[in-house]
């Protein structure tokens, strides 16, 4: 598994390295080998994931969801750069964990999501993670920009009890355009994520992980809703009883059964659109 | 009518009892007898109730609504475990008040809503209740997690004047996965509900009752809206005039006439969807 | 023009009078004469008004909009009791200013809106008013229940500068079911309205007036929006610059031109629905 | 390029001038020459811009978007006065920078947007500006009415770091109907805008500029969203980390690539409507 040393991502030397590195792919690198065609059902669910998150206002032309290839944990699947509500099966592209495309379907590299490194670097560090979302969900922004920690308000968002850190890109790379533009920044983000289920990105959004594709979609929806509810409850000016970590553990241990039902409803709604 | 002693729902002895009890149905219990086919109009309205509450964002793959069988008050009708917006007449299942299905239509027990005991146990304790909703309505969560009592802001939510208690599952069963997984917890919830029209469930949602199916849907919608309005009014920092209990009594005494009109509109909207 | 003495609407004597009065119509009163068929364009716009307000979440099965008959200022037009989004031209009924129907189209009196007296009594007192809305608009409720006066935040809601009083039904009739159930209460409300463009009703909603049907719809929409914006601005904790009454006068003097454009857009949206 | 001296816009003398000026066009002025037919793709995108902003609730029958003519920077394109969601290619009209129409398609001057001077006067002063929006976006109103400056909460709204001033029309013209009714007021607004990307208008709305049509639409959407998020974050009662101006510069330098994807999604949604 490739690792990137955790140096400070700034300064003229670093900039030079990045420029050189960005030239390398076209010159020296071969496209990685394919793990073979993924399960069509998995691709169908990935397409649905894009549309469900778009329907909930959590993805648009920015933000993305990925899933590990079912035939090889060293490959992941993700849409080409496009608006989430328009994704179809033929837009799904296979990447290796360095976030290099296996086959771009004839598209230039610039037609891919710049921030795909969020996904590849998390998959490298976290073998337990099967699916990743990067979102700009509005309700999360105020929590990323303040020092107020997100807390679990109710059982659908119980996983928040495991801790949601905040990534401050300035600490790693100084003043940037805020994007996770390369593997080094992706590595920094994955490192800050650690063993947590999700991480907020100050002034930007969040990255969310889960052991299944359906759960990463649900976690994104309920993380976003929980933020709204917590902000509402905080304004009431009285103490709040959050879920206990023990409650969260018991809920997470059983998660999935009810979700399959909800997934069916979400999916039908978005896939029946013309 | 079966009653369950109100002991503390925790400890090793209790856990053992629960394990044994959970094995019993498959071994020793017969399916309860049917009360016969319910009025098709009642089933149609129950289907509409699922879809209306889904359309209002108050049910999804979690949460449910039930109604007593029109031919037998010891039976109730409820959908199999599924997303509310997809419910049709053939998904409606008959239960006895111990929440045992009369006929699962060939489905395994795991395909039913786990928390059906909320409904059965309330029907046992409250002969006046004809319909029950269990919802995770977002606006109610902050009130369940704080000590701020819900109050009636306007005449559509007048029934709140009769008091909305909060159920703290930790007091009954310690640290759990928050679900009303069995008759014992359902009994505890019904006991805490007492004679009130509804009860909030800390970190979870609410259970709402009414003397008719249409009213339980309306109460769920307006309980949820009232919570939003009360939170807004509290932030204004000045005293609030809530409805008086006498006003609430007069409103409730007449409730139903205008509701029939509204029901017609709500129902047409959701039943005309493809 | 019939007027009703402004006595206190409670006590046993008053109750007896009301009971007797409620029997009178069926026994002694003749249906009022029709002013003849109204302009079909006016009826079409009234139907659109119901649907536009429903589309904005400001009317449902409760609440209504009326307009004076174009051939006789002593008659007004209003839908039978029904959900606003379902109103069609054949549901429009003609009333005299005592709110007696000219012809119920064969429907019983109970199929009419109970609170039609809001409209009739305002038309009696205010010859300048051509259209009236009664709404339960959620954002208005917190202002009706507190002592915080509504203020004009922006030019679309400039008319608020003319003052929006609050009607406290308890001061007139003690503890009631909150409804404007008869001409006496309608008279009280109209009296409290005075020369103002609208009045909030504590724990209930509002009545809004305007010199045209299009403007009463726009006023309802922007009164409701202004309430949301004012609540938001108040939470910022700094002084707010509201519109000056002189600004409001200049805006109102020109109102109508731009509204015709907006009306066309609103109407097309709701009338093209199946 | 015509300029208007920046005198105080009030008093009887000024009123007389305005009356005389308003008579002039019909008497003495010729319609300006056309720059020829604009690129059909530009017109199509302008139509989409109206509908996208309507779909986001940021334009209705009031408010407008314009773009400079692709063949002549001294001409701009804008819809006739109408509801944004109904605009089609044949409704687009060409104006010179004094906001005189080249050809009204047979419509009277009163059928054009009164406030078109916002656009013409900004184009005169700001050669870098290619597109302008005037909106009544609700979330911006509380910021225009208080002294709370808008700040950039996240990278999609980074341009806010360049400063968003507030235009107080009272300082220029005393008590008015709040509208930018003529070139003089448009000039005042453009002067207050200066080099900033946008300006709030107290009690009214905002004017937003950008170097492309797609970006002015995106800026309008994210300016509005940022205002909501900032208000939410301010209520948390802890310090907020806003984007640094250096971060904003880097983001703006790259802006456009991701936007093309999002634009495709927005456009498909609104143009596929019947």
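The values are calculated or read from the model by the stated rules, or taken from the named source; none is laboratory data. Note that the structure is predicted; figures quoted are calculated from it, not measured. Every residue, glycine among them, receives a Cβ derived from its backbone with ideal geometry; neighbour counts consider all protein chains shown.
Taken together, the criteria exclude residue D:81 from residues that are at pLDDT below 95, within 14 Å of another protein chain (Cβ to nearest Cβ) and not in a helix (DSSP H, G or I).
Here the range A:265-274 is the region considered, the condition is being loosely packed, with under 14 Cβ neighbours inside 10 Å and modelled with pLDDT of 90 or more, and the residue that is farthest from the other protein chains (Cβ to nearest Cβ) is A:271.
Looking at the range B:112-142 only, could you name the residues that are assigned to a loop (DSSP other than H, G, I, E, B) and touching a residue at least 60 places away in the same chain (Cβ under 8 Å)? Listed by number, the residues that qualify are B:126, B:128, B:129, B:130, B:136, B:137. Looking at the range B:42-62, can you tell me whether even one residue there is outside any helix (DSSP H, G or I) and closer than 19 Å to residue B:109 by Cα? Yes, because at least one residue in the range B:42-62 is outside any helix (DSSP H, G or I) and closer than 19 Å to residue B:109 by Cα. Give the range B:232-257 a look and list any residue that's under 23 Å from the mean Cα position of the chain (by Cα) and buried (at least 20 other Cβ atoms within 10 Å of the Cβ), or say none. Answer for the range B:232-257, where residues must be under 23 Å from the mean Cα position of the chain (by Cα) and buried (at least 20 other Cβ atoms within 10 Å of the Cβ): B:248, B:251, B:255.
Look at (1) within 13 Å of chain B (Cβ to nearest Cβ); (2) under 25 Å from residue B:152 (Cα atoms); (3) surrounded by fewer than 24 Cβ atoms within 10 Å (Cβ to Cβ); (4) over 15 Å from the mean Cα position of the chain (by Cα) and you find that residue C:86 fails only one, number (2). When you check residue A:136 against the structure, is it within 14 Å of chain D (Cβ to nearest Cβ), surrounded by fewer than 24 Cβ atoms within 10 Å (Cβ to Cβ) and touching a strand residue (DSSP E or B) at 6+ places or on another chain (Cβ under 9 Å), yes or no? Criteria met by residue A:136. Screening residue C:130 against (1) within 14 Å of chain B (Cβ to nearest Cβ); (2) under 16 Å from residue C:198 (Cα atoms) leaves a single unmet condition, (1).
Only a single criterion out of (1) in contact with a helix residue (DSSP H, G or I) (Cβ under 9 Å, 6 or more places away or on another chain); (2) more than 20 Å from residue A:40 (Cβ to Cβ); (3) touching a residue at least 12 places away in the same chain (Cβ under 8 Å); (4) outside any helix (DSSP H, G or I) is not satisfied by residue A:68, namely (2).
When residues in the range C:241-256 are screened for being facing chain D (nearest Cβ under 7 Å) and closer than 28 Å to residue D:108 by Cβ, 4 of them pass. Is it the case, given these coordinates, that residue B:119 is modelled with pLDDT under 95 and more than 14 Å from chain A (Cβ to nearest Cβ)? The answer is no for residue B:119. Residues in the range B:143-159 that are within 9 Å of chain A (Cβ to nearest Cβ) and in a loop (DSSP other than H, G, I, E, B): B:146, B:147, B:148.
Selection of the range B:183-212 for residues being more than 14 Å from every other protein chain (Cβ to nearest Cβ) and in a loop (DSSP other than H, G, I, E, B) yields B:194, B:195, B:196, B:197, B:211, B:212.
Remark: residue D:221 falls outside the filter, which requires a residue to be facing chain A (nearest Cβ under 7 Å) and either in contact (Cβ under 8 Å) with a residue 40 or more places away in the chain or surrounded by fewer than 17 Cβ atoms within 10 Å (Cβ to Cβ) (or both). Of the residues making up the range D:241-274, those that are in a loop (DSSP other than H, G, I, E, B) and either in contact with a helix residue (DSSP H, G or I) (Cβ under 8 Å, 6 or more places away or on another chain) or touching a residue at least 12 places away in the same chain (Cβ under 8 Å) (or both) are D:241, D:242, D:243, D:244, D:255, D:256, D:273. Scanning the range C:224-240 for residues that are within 7 Å of chain D (Cβ to nearest Cβ), assigned to a loop (DSSP other than H, G, I, E, B) and closer than 18 Å to residue D:232 by Cβ gives C:235, C:236, C:238. Buried (at least 20 other Cβ atoms within 10 Å of the Cβ) and touching a residue at least 60 places away in the same chain (Cβ under 8 Å): does that describe residue A:162? No, not satisfied. Residue D:31 meets the stated requirement of being part of a loop (DSSP other than H, G, I, E, B), at pLDDT below 95 and away from every other protein chain (no Cβ under 14 Å).
Within the range D:84-111, the set of residues being touching a residue at least 60 places away in the same chain (Cβ under 8 Å) and part of a loop (DSSP other than H, G, I, E, B) comprises D:97, D:98, D:99, D:100, D:102, D:103.
Looking at C:101, C:73, just one residue is touching a strand residue (DSSP E or B) at 6+ places or on another chain (Cβ under 6 Å), more than 14 Å from chain B (Cβ to nearest Cβ), surrounded by fewer than 22 Cβ atoms within 10 Å (Cβ to Cβ) and more than 24 Å from residue C:268 (Cα to Cα), and that residue is C:101. Does residue C:50 count as within 14 Å of chain B (Cβ to nearest Cβ), closer than 17 Å to residue C:215 by Cα, in contact (Cβ under 8 Å) with a residue 24 or more places away in the chain and under 17 Å from the mean Cα position of the chain (by Cα)? Here the answer is yes, as residue C:50 does meet what is asked.
The set of residues from the range C:173-182 being buried (at least 23 other Cβ atoms within 10 Å of the Cβ) and either more than 10 Å from chain B (Cβ to nearest Cβ) or in a helix (DSSP H, G or I) (or both) comprises just one member, C:180.
Of all residues in the range B:219-248, those satisfying the criterion of being in contact with a strand residue (DSSP E or B) (Cβ under 8 Å, 6 or more places away or on another chain) and more than 18 Å from residue B:146 (Cα to Cα) are B:219, B:220.
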